[in-house]
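Chemist: Structure in structure tokens, see below.
Coordinate-derived values only; no laboratory data. Only a predicted model underlies this, so the values are computations on that prediction, with no experimental measurement involved. Counting neighbours? That spans all protein chains shown, and the Cβs are built from the backbone with ideal geometry, glycine included.
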Amino acid sequence: MPVRASIFLFCLVWITMAQLLAQEEKEKTTALKDLLSRIDLDELMKKDEPPLNFPETLDEFEYAFNEHGQLRHIHTGEPFVFNYKEDLHRWNQKRYEALGEIITKYVYERLENDCNLKKEILPVDATEDEPKSFIYMSEDALTNPEKIMVLIQGSGVVRAGQWARRLIINEDLNSGTQIPFINRAKEENSSPEEHTLYVWDHFISKSLAKNVFIVAHSYGGLSFVNLMIQREAEVKNHVRAVAMTDSVHNVWHQEANKSIRDWLREHCCNWVSSPEPLDTLVDPMLNDCPRVSAGTEKHELTSWKSFHSIFKFFSDAHKDHEDESSSSPVTTRSSHRIKNEDL
């Protein structure tokens, strides 16, 4: 009996000690959580980093675009280096963002000085204190009786004239900006649903151009489908062809009616990110418009990689429309649809 009592007492002491240790550990954990909750991690990260004072021009950053439109260091000729300071990711990110703002201003200057576009403030009747946005358009955008092209970028940090800021910094101006499209067509650019609708109502619909061609990248494709839903008759009357690049639109979720879906199948083509060669037909996810490969798996590169194919698509669409206009009333648009399906 004494032995059993000793064992029982030992077990009781061991269990009690274990409970005390568990309670103590719990209290330590609670205290640690309380301490961490009072620590400003952002401030802690700032402790050892240099001040966030960055250059305000490309020259001060010691970068410039070379003859190929590539951003290079003016002394070393090297591409942009993100990890400028080791183990200071937050500081490097802020430096990258500061350069991005300079790039945006640089693109605006190119749009105005090289592409001869003018800035239009939105809303057109905005008061001085009202929030404003803007678009760029050519001088003859509303008076050209023949053609007009509208460029709609995706969402995110991209601004007017850009497809992707990352491409401008890490690749070149041609792949990251809309300048090649503007130089080729000499027309204009805009952004999301309400903005697209506003631009249509106040500018594009008032243009004398008989043929409107639209390039819509990423979220821009969704914005265009929304425009069609809101202004179906007008869009069908003005727009000859729509080139989407990795569009994120969804005709079912956006509740596009059958006549819109039929129109998209005949007048639209979506160049999507894919490992297949350029213009290879890709199995459609939705039965709305032909999907073909952009010849790249990078979402942000789809517009640039499909550049030549898009303008051929526009040229074919314009020729088909001219042929239909000069032929008999019974001529159908089947020939244009077949060309889309053969891409």
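Chemist: Which order do peptides 51-58, 197-204 fall in by mean Cβ count within 10 Å, highest first?
Modeler: Put in order of decreasing packing, that is 197-204, 51-58.
Chemist: Sticking with this structure for a sec: Of the peptides 163-176, 89-102, how do they stack up when ordered by the mean number of other Cβ atoms within 10 Å, highest first?
Modeler: 163-176, 89-102
Chemist: For the cross-link pairs LYS236/LYS319; LYS236/LYS258; LYS119/LYS312; LYS210/LYS319; LYS105/LYS298; LYS298/LYS319, which exceed 22 Å when the distance is taken from alpha carbon to alpha carbon?
Modeler: Where the Cα-Cα span goes over 22 Å, the pairs concerned are LYS119/LYS312; LYS105/LYS298; LYS298/LYS319.
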